[in-house]
Amino acid sequence: MKDYTMNKKMLPDKLYTAEQVRALDRTAIETIPVDGFDLMKKAGRAAFRVLLRHWPDVKSLSVFCGGGNNGGDGLVIAGLAVQKGISVDLVLLVDPCDYKREAASAWNWLKQLADKEPTANALLAINERQADGEITAEVVVDCLLGTGLTGDVRGRYAEAIKAINYAEKPVLAVDIPSGLCSDTGRVLGCAVKAEQTITFIGVKQGLLTGEAPNWVGQLRYDALDVPESVFNQVDYSCLRADWSQLKNSVPRRSRIAHKGAFGRVLIIGGDYGMAGAALMAAEAACRVGAGLIYAATRPEHVPAWVAHRPEIMVKGIDITQHVEAMLEQVDVVVIGPGLGQQAWGQQLFQKAILADKPMIIDADALNLLAQQATCIHQNIAPRDNWVLTPHSGEAARLLDCTINEVEQDRFNAVSLLQKKYGGTVILKGAGTLIASSTSLYLINTGNPGMASGGMGDVLSGLLGGLLAQKEIQNSAVAPIAVALHGEAANLASKVVGEYSLLASDVINAIPELLREN
């Protein structure tokens, strides 16, 4: 039976909505064929293996069960535990008579087990609807609510979740932490904070983005022996990727390569007080292998740029018309890092837009784009040849909505952005999403140390540097850049830690990851 963990980067590459996972379940039962309760027992055994692997010396469990099939999984786990000699406090939030189908079969199986095995009966304490009692067991198993939850958690379920979190015991969440939306990663009122989560058959897209990383803990996956033919019959919603999957998309270089083959990139930005932003973008473009890097910034910054990175051909721009010649000679434009929103930045932004080059739009350029998009007389026509890189605040401005609306459903937000502006949109954050007209990716790499200034500038430089290289498919540029960015941050954090991680540390880690290419 296959078992995957996030830290081994072996999660499947297909992600699903709750409805698609239910379709997988139905298809598996019809295709294999397999009895629904047999599939539930497989899930229970897989979860119990994870529990014993992570807490091998556990002597007592509190298993919280709701009324659906997620509760049925918990009943199986409880039975397996008492068979192993582990005492179980089984907390049922419904009358056992209300269990249906597979969950009813699980309840009957557990009762028969307790009746037949006196030792098991002695270890099993069943508490009906005692949701808010004190938890004294060593480990909690959360089987309260599964993927069917849509509205906020209320009543006894909310009380149970609060009791679990208040107890501060280690928690194994089965399929999904209760209270978390499996489609969006949003907390629906309250949610169980898990140390380990095991999910089955299809990985739910909401487990990897939004608020989910704060609640899921270490994510594990088990396919429950469902064959690949079943997965081929059901659509998926999103592709998951990380650097281990994408690094081979960066081709090895020809032995007769020359700089003209790897493109010319122009970085535009670095208004007064923000020179470093554009410089980091330019340096990242250098490190990712672009052939020639040009930069247009304030004249006062040129000496520092030359001293720090002489490989960049930097020009001081006061009169913005002077950037026109630079725009003509390059293949890709990166605009936004340190650009500002004053007259200088506005004029350079307009020049870049009119040039109609393949373009990375980041930071202040996104804000300028949002200003134009909300102006009645300056609607922005969607373009195929640009990449937009908003965080949730910039995305809210681009969509003329609130940050909360963006974070409530990041999948919907990135799709709306792509439809409105065209091209490729990268919605940054935990579980960065990438939408184009033909694909939707979730890149699950990186760490909290990336929540510091300059990280987005580095990403924009990576995007520009990769897009300029003709040997790399345009459709692969955004996933490669985001995965490389996150993995470089992971590598750098091993040296400096997450608290001390700087954007320049990420730039310095890039060569190690590209060394084999």
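The values are calculated or read from the model by the stated rules, or taken from the named source; none is laboratory data. All values derive from a computational prediction rather than experimental measurement. Ideal geometry is used to build each Cβ from the backbone, glycine not excepted, and the neighbour counts take in all protein chains shown. All accessible areas refer to the heavy atoms of the entire protein, side chains included, with ligands and DNA or RNA removed. Shrake-Rupley method; radii C 1.70, N 1.55, O 1.52, S 1.80 Å.
Listed here are the residues, each with its yes/no results for (1) within 21 Å of V425 (Cβ to Cβ); (2) touching a Gly at 6+ places or on another chain (Cβ under 8 Å); (3) at pLDDT below 95.
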{"position": "L467", "(1), (2), (3)": "yes, yes, no"}
{"position": "N474", "(1), (2), (3)": "yes, no, yes"}
{"position": "P479", "(1), (2), (3)": "yes, no, no"}
{"position": "G497", "(1), (2), (3)": "no, yes, no"}
{"position": "L502", "(1), (2), (3)": "no, yes, no"}
{"position": "A509", "(1), (2), (3)": "no, no, no"}
{"position": "E512", "(1), (2), (3)": "no, no, no"}
{"position": "E516", "(1), (2), (3)": "no, no, yes"}
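A quick yes/no check of all residues on (1) modelled with pLDDT under 95; (2) open to solvent by less than 40 Å² (accessible area, probe 1.4 Å); (3) not charged (D, E, K, R):
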{"site": "G263", "(1), (2), (3)": "no, yes, yes"}
{"site": "Y272", "(1), (2), (3)": "no, no, yes"}
{"site": "A295", "(1), (2), (3)": "no, yes, yes"}
{"site": "H301", "(1), (2), (3)": "no, yes, yes"}
{"site": "H322", "(1), (2), (3)": "yes, no, yes"}
{"site": "G336", "(1), (2), (3)": "no, yes, yes"}
{"site": "Q347", "(1), (2), (3)": "no, no, yes"}
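For the structure I just gave you, tell me whether N444 is at pLDDT 95 or above, open to solvent by 10 Å² or more (accessible area, probe 1.4 Å) and farther than 30 Å from H258 by Cβ.
no
So which of V496, V482 is touching a strand residue (DSSP E or B) at 6+ places or on another chain (Cβ under 6 Å) and either open to solvent by 10 Å² or more (accessible area, probe 1.4 Å) or free of Cβ contacts under 8 Å to residues at least 60 places away in the same chain (or both)?
V482
Based on what the data block shows, is D356 in contact (Cβ under 8 Å) with a residue 60 or more places away in the chain, out of contact with any His (no Cβ under 8 Å at 6 or more places or on another chain) and open to solvent by 10 Å² or more (accessible area, probe 1.4 Å)?
no
Which residue out of Q346, Q341, Q372 is more than 30 Å from A261 (Cβ to Cβ) and part of a loop (DSSP other than H, G, I, E, B)?
Q341
Might you check whether a residue that is closer than 26 Å to M359 by Cβ and of a type in the set (S, T, Y) occurs anywhere in the range 224-245?
Within the range 224-245, none of the residues are closer than 26 Å to M359 by Cβ and of a type in the set (S, T, Y).
For the range 247-265, how many residues meet the condition of being under 25 Å from the mean Cα position of the chain (by Cα) and either touching a residue at least 24 places away in the same chain (Cβ under 8 Å) or part of a strand (DSSP E or B) (or both)?
Residues in the range 247-265 being under 25 Å from the mean Cα position of the chain (by Cα) and either touching a residue at least 24 places away in the same chain (Cβ under 8 Å) or part of a strand (DSSP E or B) (or both): 3 in total.
Looking at the range 162-199, which of its residues are open to solvent by less than 10 Å² (accessible area, probe 1.4 Å) and over 19 Å from A18 (Cβ atoms)?
Across the range 162-199, the qualifying residues are I164, V171, L172, Q196.
Only one of these conditions is not met by A307: (1) outside any helix (DSSP H, G or I); (2) open to solvent by 20 Å² or more (accessible area, probe 1.4 Å). Which number is it?
A307 satisfies every listed condition except (1).
So P177 clears everything in (1) of a type outside the set (A, V, I, L, M); (2) over 26 Å from the mean Cα position of the chain (by Cα); (3) assigned to a loop (DSSP other than H, G, I, E, B) except one condition, right? Which one?
Unmet condition: (2).
For L467, are the conditions met, namely being touching a residue at least 60 places away in the same chain (Cβ under 8 Å) and farther than 28 Å from T374 by Cβ?
Judged against the criteria, L467 is not a match.
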